[in-house]
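The values are calculated or read from the model by the stated rules, or taken from the named source; none is laboratory data. Computed from a predicted model, the values in this text were never measured in an experiment. Note that each Cβ is placed from the backbone with ideal geometry, even for glycine, and that neighbours are counted across all protein chains shown.
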Amino acid sequence: MIAIGSDHAGYELKEKLKNHFKSNLSLKDFGTDSYNSCDYPLIAEKVSKAVSARECEKGILICGTGIGISIAANKINDIRAALCYNTELAEMARRHNNANILCLGARVTSFETSINIIKTFLNTNFESGRHEIRINQIKKLEK
Ligand code: RB5
């Protein structure tokens, strides 16, 4: 199960992505449910806690730029949220950083590019090895 959530700026992209992936991805939607203005930290918290608790294997978070929602998500223990604007970043976020949440910016990334970023993110494995040591060092920075 993949958690997905957005603020109002990411709402349209979230809905389009849900529709696009409906037959091949199991997505759990944590809102928002309309174009009405809302606060991205609250959505980031819901998705991040679902991933942190292992209720969902990975997460996708969308706001206007992807910046605010990634900053918020990374406050939750065990979350490594990566803001990706292209497939190269998505690949490296998985291979080297074992990112468990993908953040997208709906105002700066097209629907087609978002689809490719998501496919890359979900289909790329963590390389472990020396990167595992660094992930554990990040874990020690948590409060
Ligand atoms: C909302 O206007 C916008 O600030 C938000 O979606 C996001 O881009 C923040 O980083």
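Can Ser23 be described as loosely packed, with under 14 Cβ neighbours inside 10 Å and more than 23 Å from Thr120 (Cβ to Cβ)? Before the answer, list the steps.
Details: loosely packed, with under 14 Cβ neighbours inside 10 Å: yes; more than 23 Å from Thr120 (Cβ to Cβ): no.
It is false that Ser23 is loosely packed, with under 14 Cβ neighbours inside 10 Å and more than 23 Å from Thr120 (Cβ to Cβ).
When the range 1-31 is examined, which residues are found to be among the hydrophobic types (A, V, I, L, M, F, W, C) and either without any contact (Cβ under 8 Å) to a residue 24 or more places away in the chain or part of a strand (DSSP E or B) (or both)? Walk me through it before giving the result.
Step one: list which residues in the range 1-31 are among the hydrophobic types (A, V, I, L, M, F, W, C), which gives 1-4, 9, 13, 17, 21, 25, 27, 30.
The answer is Ile2, Ala3, Ile4, Leu27.
Just to check your reading of the model, which residue among Ala93, Ala99 is in a helix (DSSP H, G or I) and either within 16 Å of the ligand (Cβ to nearest atom) or within 16 Å of Lys119 (Cβ to Cβ) (or both)?
Sole residue among the options that is in a helix (DSSP H, G or I) and either within 16 Å of the ligand (Cβ to nearest atom) or within 16 Å of Lys119 (Cβ to Cβ) (or both): Ala93.
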Those residues of the range 66-83 which are farther than 16 Å from Leu17 by Cα, part of a loop (DSSP other than H, G, I, E, B), under 13 Å from the mean Cα position of the chain (by Cα) and within 15 Å of the ligand (Cβ to nearest atom) amount to Asn74
Output for Cβ contacts, cut-off 7 Å, separation at least six or different chains, first residue at positive phi in the range 70-90, second part of a helix (DSSP H, G or I) and at pLDDT 95 or above, reads Asp78/Ser52
Of the residues in the range 48-60, those that are surrounded by fewer than 22 Cβ atoms within 10 Å (Cβ to Cβ) and either over 20 Å from Leu83 (Cα atoms) or within 16 Å of the ligand (Cβ to nearest atom) (or both) come to Ala53, Arg54, Glu55
Among the residues of the range 32-47, the number that are away from the ligand (no atom under 12 Å from the Cβ) and part of a helix (DSSP H, G or I) is 4
Apart from one, (1) touching a Lys or Arg at 6+ places or on another chain (Cβ under 9 Å); (2) surrounded by fewer than 12 Cβ atoms within 10 Å (Cβ to Cβ) all hold for Ala93; the odd one out is (2)
